[in-house]
Amino acid sequence: MIWTGVVVASLACYGLKLAGLSLPQRWLTDPRVQKIVPLIPIALLAALVATQTFSTGRHLVLDVRAAGLAVAIVAVLLRAPFLVVVAAGAGTASLLRLV
Amino acid sequence: MFTGASQFALVGVVGAGGGVWPGAVAALLLGSRNALYGLRLGSLLDVRGWRRAAAAQFVIDETTAMAIARDDPRLSRFAFWSTGLALFTFWNTGTLIGAVATHVVSNPKTFGLDAAPPAAFLALLAPRLRAREPLAIAIAAAVVAIAVLPFVPPGVPLLIVAVLVAAYGALR
């Protein structure tokens with residue numbers, strides 16, 4: 001079941017890319033497409049940051065992940081590269097669990 | 001699937017107990033931007049047949065950014081293919097190492113690995129927040145996702161946020 005979902009999602013994600021390369025250019029100039037599509041990753045990524053930090057299953061929780069996120073935000077503000085941001089977040093949570 | 005945000009989202013929703021289908025929908029919604037990238041790259045790359053099929057898999061944030069940053073179409077194509085090939089190789093090698101290494105790590109929480117995904121999403125999000133409106137949208141999306149979370153199955157907050165932002169985009 002889970003692999004069916006993974007394969008279907010993979011094919012669909014590839015299909016979106018291929019459709020983009022294959023569709024006529026005038027789709028790009030459709031104002032509705034222009035307005036909506038760039039906003040979706042912003043909203044979804046922000047929602048993912050929030051839910052993955054402050055919840056376990058359906059319960060809201062405040063734990064060391066919040067501290068990890070705070071340090072990751074500082075890293076982002078300092079324009080740290082991707083891996084440094086991730087390591088800063090994970091490392092903070094890991095250290096706080098030790099104490 | 002070769003598009004980082006979608007991969008993380010699918011894993012994140014499944015890991016939170018949301019089931020694979022809400023995860024797949026979240027992955028698709030995040031992947032929708034690649035269709036826009038493809039539209040923009042179409043004329044630039046000018047690929048047909050099997051080359052187009054191969055190029056499609058490389059259509060992601062980074063390759064698009066590298067390709068459209070060049071003025072000369074030949075340099076654009078070179079940037080696209082070289083960035084795509086390098087990222088595809090290292091990204092998937094890294095994924096494989098991670099998958100194999102799970103057997104070594106007894107409790108992922110010890111290494112703060114549960115804090116890694118939010119940091120990764122944040123790092124993917126940050127470059128898109130260079131203006132006031134995207135920042136406001138991001139904050140609103142985070143608040144809405146947290147507010148509805150206790151009342152719906154895992155993964156569904158993402159779908160609610162996606163519907164709301166699409167409605168906002170269409171109406172503004």
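Checking the structure you have, find out if any residue of segment B:105-124 is more than 7 Å from every other protein chain (Cβ to nearest Cβ) and basic (Lys, Arg). Can you show your working first?
As a first pass, look at segment B:105-124 and keep what is more than 7 Å from every other protein chain (Cβ to nearest Cβ): B:105-108.
In the following step, the residues that additionally are basic (Lys, Arg) were identified as none.
No - not one qualifying residue is present in segment B:105-124.
Among the numbered criteria (1) more than 7 Å from every other protein chain (Cβ to nearest Cβ); (2) on the phi > 0 side of the Ramachandran plot, which single criterion is violated by A:Ala75?
(2)
Can you tell me which residues in segment A:46-58 are out of contact with any strand residue (DSSP E or B) (no Cβ under 8 Å at 6 or more places or on another chain), surrounded by fewer than 22 Cβ atoms within 10 Å (Cβ to Cβ) and within 7 Å of another protein chain (Cβ to nearest Cβ)?
Result: A:Ser55, A:Gly57, A:Arg58.
Identify, from the list B:Ala16, B:Ala79, B:Ala69, the residue that is farther than 22 Å from A:Gln25 by Cα and not charged (D, E, K, R). Reasoning before the result, please.
Numbers: B:Ala79 fails: farther than 22 Å from A:Gln25 by Cα; B:Ala69 fails: farther than 22 Å from A:Gln25 by Cα.
Unique residue meeting the criteria: B:Ala16.
Identify, by number, the condition in (1) at the interface with chain B (Cβ under 7 Å from one of its Cβ atoms); (2) out of contact with any Ser or Thr (no Cβ under 9 Å at 6 or more places or on another chain); (3) of a type outside the set (Asp, Glu) that A:Val7 doesn't meet.
Every condition holds for A:Val7 apart from (1).
Here is a yes/no grid of residues against (1) facing another protein chain (nearest Cβ under 7 Å); (2) buried (at least 16 other Cβ atoms within 10 Å of the Cβ):
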{"residue": "A:Leu16", "(1), (2)": "yes, yes"}
{"residue": "A:Gly20", "(1), (2)": "yes, yes"}
{"residue": "A:Leu23", "(1), (2)": "yes, no"}
{"residue": "A:Arg26", "(1), (2)": "no, no"}
{"residue": "A:Thr29", "(1), (2)": "no, no"}
{"residue": "A:Arg32", "(1), (2)": "yes, no"}
{"residue": "A:Leu44", "(1), (2)": "yes, yes"}
{"residue": "A:Leu60", "(1), (2)": "yes, no"}
{"residue": "A:Gly68", "(1), (2)": "yes, yes"}
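Check B:Val100 against each of (1) within 22 Å of A:Gly91 (Cα to Cα); (2) aliphatic (A, V, I, L, M); (3) not in a helix (DSSP H, G or I) and name the one condition it does not meet.
Only one criterion is unmet by B:Val100, namely (3).
Which one is modelled with the highest pLDDT, of the residues in segment B:106-117 that are more than 13 Å from the chain's Cα centre (by Cα) and part of a helix (DSSP H, G or I)?
Step one: list which residues in segment B:106-117 are more than 13 Å from the chain's Cα centre (by Cα), which gives B:106-116.
If we keep only those that are part of a helix (DSSP H, G or I) as well, we get B:108-111, B:116.
Details: B:Pro108: 73, B:Lys109: 77, B:Thr110: 79, B:Phe111: 80, B:Ala116: 89.
My answer is B:Ala116.
Given the conditions (1) surrounded by 12 or more Cβ atoms within 10 Å (Cβ to Cβ); (2) more than 26 Å from A:Gly68 (Cα to Cα); (3) modelled with pLDDT of 90 or more, which single one is not true for B:Thr95?
(2)
Taking the options B:Arg70, B:Arg132, name whichever one is basic (Lys, Arg), surrounded by fewer than 19 Cβ atoms within 10 Å (Cβ to Cβ), more than 8 Å from chain A (Cβ to nearest Cβ) and closer than 27 Å to B:Leu158 by Cα.
On the way: B:Arg70 fails: closer than 27 Å to B:Leu158 by Cα.
Just one listed residue meets the conditions, B:Arg132.
So for segment B:130-139 (the condition being over 17 Å from the mean Cα position of the chain (by Cα), farther than 25 Å from A:Ala67 by Cβ and at pLDDT below 90), does at least one residue qualify?
yes
For the list (1) basic (Lys, Arg); (2) in contact (Cβ under 8 Å) with a residue 12 or more places away in the chain; (3) under 21 Å from B:Arg128 (Cα atoms), I need the number of the one condition that A:Arg32 fails.
The failed condition is (2).
What residue, among those in segment A:20-50 that are assigned to a loop (DSSP other than H, G, I, E, B) and more than 10 Å from B:Gly169 (Cα to Cα), is modelled with the highest pLDDT?
Start the filter on segment A:20-50 by keeping residues that are assigned to a loop (DSSP other than H, G, I, E, B), which leaves A:23-24, A:30, A:37-38.
Now restrict to residues that are more than 10 Å from B:Gly169 (Cα to Cα): A:23-24, A:30.
Values: A:Leu23: 85, A:Pro24: 79, A:Asp30: 77.
Looking at residues that are assigned to a loop (DSSP other than H, G, I, E, B) and more than 10 Å from B:Gly169 (Cα to Cα), I get A:Leu23.
The values are calculated or read from the model by the stated rules, or taken from the named source; none is laboratory data. Remember, predicted model here, so these are calculated numbers, not experimental data. All Cβ positions, even for glycine, are placed from backbone atoms using ideal geometry, and neighbour counts span all protein chains on display.
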